[in-house]
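J.: Supplied in C-alpha cells, the structure appears directly below.
Every read-out reported here was derived from the displayed coordinates using simple, explicitly stated rules and does not represent laboratory data. What you see is a predicted model; the values in this text were computed from it and never measured. Here the Cβ positions follow ideal geometry from the backbone for every residue, glycine too, while neighbour counts run over all protein chains shown.
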C-alpha cells in the first residue's frame with residue numbers, strides 16, 4: 001500500500017511555513033502526527049532547506065531522555081541553531097517535557113526559528129499555556145484517517161461498500177492499513193493504542209486512582225455514542241452496576257478522556273433561540289475500530305449511531321463546529337457551523353420506509369432559514385430531493 005500523504009494537514013503546514021507563529025499539532029496518539037512531521041521535513045528538503053537547518057526531537061524516544069526539562073531542551077536547541085539561516089524546530093510529544101512552555105516561549109523569540117510542536121493531550125493548550133502564547137500560535141487539530149484518505153491507500157478504488165465495512169471494523173488509525181492483510185494483528189495493535197492513551201494521557205497525567213471506574217466510563221460512553229447523556233446518568237448507571245462512584249469523579253474522568261481525544265463531546269444547540277443549551281450532550285468515539293475492540297460483537301448493534309459517529313468526525317475534519325440541534329421538541333442530528341456557513345444533517349441507516357423518512361424530514365422541515373439541509377443514509381437512491389432537503393448516500397458524501 002502506498003503512503004497516505006495527509007494532504008489537508010500537510011497543506012496547512014506549508015501555508016504557515018516561515019510565518020512567525022508556533023504551529024501546534026494536536027490529536028490522539030497514533031493518529032499520524034509524527035508521520036506528518038516527517039512528510040513536511042521531506043517537503044522542506046525538496047525545496048532547498050538543508051538537513052542541518054532541521055532539528056527534530058521525539059520525546060517518546062529514550063535517546064532524548066536528558067532533554068525533559070525546559071532548561072535542558074532550550075540549551076540543547078540553542079546550541080544547534082545556525083545563525084543567518086531559518087531553523088526548523090520539530091518537538092514531537094512535547095508534553096513529556098517539564099514546563100515545556102518556557103522553552104517554547106524562549107525559542108519563539110528568535111526570528112530565525114520556525115517552530116512546530118505536537119501533543120497527544122489537550123493540556124498542551126490548557127488555559128495557562130494558551131494565555132502565555134496568546135496570538136503566537138496556530139492549532140492544527142489532527143484526526144485519524146478519513147474514509148477518503150483510507151481508500152487512497154488502495155490501488156483499486158472499487159468495492160467501496162466492503163472497504164467501508166473494513167474501515168468501521170478495523171478503524172481509522174493509519175497503522176491498521178499496514179496490518180490490513182493480517183487482521184488478527186489489528187486487535188493487538190488497537191489494544192496497544194487504548195492502553196497507551198489510557199495510561200500515559202489519562203491515568204498518569206491526571207493522577208487517576210481507580211482504573212476500574214475509568215474503564216467503566218469509557219465502555220459506557222463508547223456503548224452509548226449518539227445518545228443524550230448527563231454526568232448523573234453515567235454515575236447512576238455505574239453505581240447500579242456495582243461500580244459505586246460520585247458525579248464529581250465521573251465528571252473528572254470524562255473530562256480527562258475528552259482531553260486525551262479518546263472522546264469528543266457535542267453540546268446541544270437551540271436552532272430557534274440560536275444559543276447553546278447547558279443540559280445533556282452527546283459523546284462520540286475517536287475511532288469506530290477502537291470501539292469494536294472494546295465492546296466486541298455488541299458494537300454492531302446500532303449501525304445508525306455508528307454512522308452518526310463517522311459523520312460527526314468527518315464534519316470536524318472539514319473544519320466545522322458541530323452541535324446537536326434542538327427545534328421545539330424535535331432533534332436535528334448535527335448543526336455544522338463555520339465562519340461562513342451553517343448546514344443541517346440528519347443521519348440514518350436507511351429511510352426506505354415512509355415512516356422513517358418522515359421522521360427524519362420532520363425536524364429539518366421545521367427550520368425556517370435557507371441554509372442547506374441533508375439526510376445522509378446508506379441507501380443507494382442517490383440525490384433525492386424533498387422540497388430542498390437532499391438525501392445523499394453517506395459513502396459518496398465521505399469520498400466527495
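J.: In 10 Å bins starting at 0, how do the alpha-carbon pair distances of the stretch 200-280 split up by percent?
T.: Pairs per bin, as whole percents: 17, 49, 26, 7, 1.
J.: Hey, another quick one. Where the centre of each part is set by its Cα atoms, how far does the stretch 1-77 sit from the stretch 235-267, in angstrom?
T.: Value for the Cα centre distance between the two parts: 33 Å.
J.: Normalise the Debye intensity by I(0) for the stretch 228-383, one equal point scatterer per Cα, no solvent, then take log10 at q = 0.11 Å⁻¹ and round to two decimals.
T.: -0.50
J.: R0 = 22 Å: FRET efficiency of residue 156 with residue 350, Cβ-based, nearest 0.05?
T.: After rounding, the FRET efficiency stands at 0.20.
J.: Ranked highest first by average number of other Cβ atoms within 10 Å, how do 334-341, 137-144 line up?
T.: With the highest mean Cβ count within 10 Å placed first, the list reads 137-144, 334-341.
J.: For a quick protection proxy, order the peptides 290-296, 240-246, 220-226 by their average other-Cβ count within 10 Å, most packed first.
T.: The densest-packed peptide leads the list: 220-226, 290-296, 240-246.
J.: Measuring from label point to label point, each 7 Å out along Cα→Cβ, what is the residue 43 to residue 15 span in nm?
T.: Taking the two extended label points, one gets 1.1 nm.
J.: I've got another one for you. Starting from the exponent 0.38 and prefactor 2.2 Å, build the expected Rg for the stretch 95-147 from its residue count and divide its actual Cα Rg by it.
T.: Cα Rg divided by the expected 2.2 N^0.38 Å: 1.25.
J.: What are the principal axis extents of the Cα atoms in the stretch 8-167, in Å, biggest first?
T.: 54, 36, 33
J.: If the chain between residue 125 and residue 81 were fully stretched, how many nm would it gain, using 0.36 nm times the residue separation less the Cα-Cα distance?
T.: Contour length minus Cα-Cα distance gives 13.3 nm.
J.: Rg/Rh for the stretch 39-120: what does it come to with C-alpha atoms and Rh from Kirkwood?
T.: Ratio of gyration radius to Kirkwood radius for the stretch 39-120: 0.95.
J.: If the stretch 1-92 were replaced by its equivalent ellipsoid, with semi-axes equal to the square roots of 5 times the Cα gyration tensor eigenvalues, what would those be, largest first, whole Å?
T.: Numbers: eigenvalues 99, 66, 30 Å².
That gives 22, 18, 12 Å for the three semi-axes.
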